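The values are calculated or read from the model by the stated rules, or taken from the named source; none is laboratory data. The shown structure was predicted, so the numbers you read here are calculated from the model rather than taken from an experiment. Here the Cβ positions follow ideal geometry from the backbone for every residue, glycine too, while neighbour counts run over all protein chains shown. The accessibility values were calculated without ligands, DNA or RNA, using every heavy atom of the protein model including side chains. Shrake-Rupley method; radii C 1.70, N 1.55, O 1.52, S 1.80 Å.
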Amino acid sequence: MARRYDPERRQRIIDAALRVAGDKGLAGLSHRSVAAEADVPLGSTTYHFASLDDLMVAALRQANEGFDALLAARGGLTDEDCDLAAELAALLGEWLSRERAGVELEYELYLAALRRPALRPIAAEWVKSVVERLSGRTDPVTARALAALMDGICLQVLLTEAEYDEAYAREVLARMLPDGGQDAAG
């Protein structure tokens, strides 16, 4: 039987892994469950991803790209006349307003790095990317603290199922900034 050329197969497998993990959690993720979801032979998943960790790395990287694109689209992060704390609070609100299962999955993959060393560099890439973007508006130490605070706010919303409170987020983010987030707009 001739081998069918399918240039999108790898991406379909990653997308299927995200759907499986979103439906069943990471514990439900296997080459077999992903192959079934992607409607590809089992051998295709192991061809593209030798281990489950390899597949999870690709899924986490894709999740990171989604957040990074959202971050890049927010012009206020580079506008020195913009209230940085308000911009970050609005960014979190936009991200958390997405489909809850997707946001939860992104955090589940991110936190899986605690037990899966292969995921740690990808989780670190996310932190580095956020810190680099914020360092254009504040010093690197404050940028890292802001990234940690943003993580904490998101985790509290996800774990408590509370509504996101943008005013609260803006207030606590502003407390991390020497000028309250106002920069030149003061």
*List every residue whose amide H lies under 5 Å from the amide H of L29, counting only residues 5 or more places away in sequence or on a different chain, with H placed 1.01 Å from N in the peptide plane.*
none
*Would you mind telling me the share, in percent, of accessible area of the chain contributed by carbon and sulfur at probe 1.4 angstrom?*
52 percent
_Rounded to the nearest 10 Å², the accessible area of L159 at probe 1.4 Å_ = 140 Å²
*Note down the magnitude of the dipole of region 1-100 about its Cα centre, charges +1 on Lys and Arg C-beta and -1 on Asp and Glu C-beta and zero elsewhere, to the nearest 20 debye.*
860 debye
*Towards the positive end of the charge dipole of the chain, with charges on Cβ (+1 Lys, Arg; -1 Asp, Glu), say which of G102, G76, I13 has the farthest Cα.*
I13
*Rolling a 1.4 angstrom probe over the protein heavy atoms, how many square angstrom per residue are accessible across the chain?*
54 Å²
_With at most 13 neighbouring Cβ atoms within 10 Å, loop GluC sites (Glu not before Pro) (DSSP) excluded, longest segment of the chain_ = 9-79
_Using only the alpha carbons of region 114-186, what is the convex hull's orientation-averaged projected area in square nanometres?_
5.9 nm²
*For region 1-57, would you read off the P(r) tail past 18 Å as a percentage of all alpha carbon pairs?*
23 percent
*Over region 1-108, how many percent of alpha carbon pairs lie in each 5 Å bin up to the one with the longest distance?*
2, 12, 19, 18, 14, 11, 9, 7, 5, 2, 1, 0, 0
_Rounded to the nearest 10 Å², what accessible area does S129 have for a 1.4 Å probe in the complete protein model?_
30 Å²
*Rank A59, A73, A112 by mean-square fluctuation in a GNM of the chain with C-alpha springs under 10 angstrom and give only the top-ranked residue.*
A73
*Per Stokes-Einstein, at 20 °C and 1.002 mPa s, what whole-number D in µm² s⁻¹ belongs to the chain, with the Kirkwood radius over Cα pairs as the hydrodynamic radius?*
120 µm²/s
*What's the center-to-center distance, using Cα atoms, between region 96-159 and region 1-69 in Å?*
22 Å
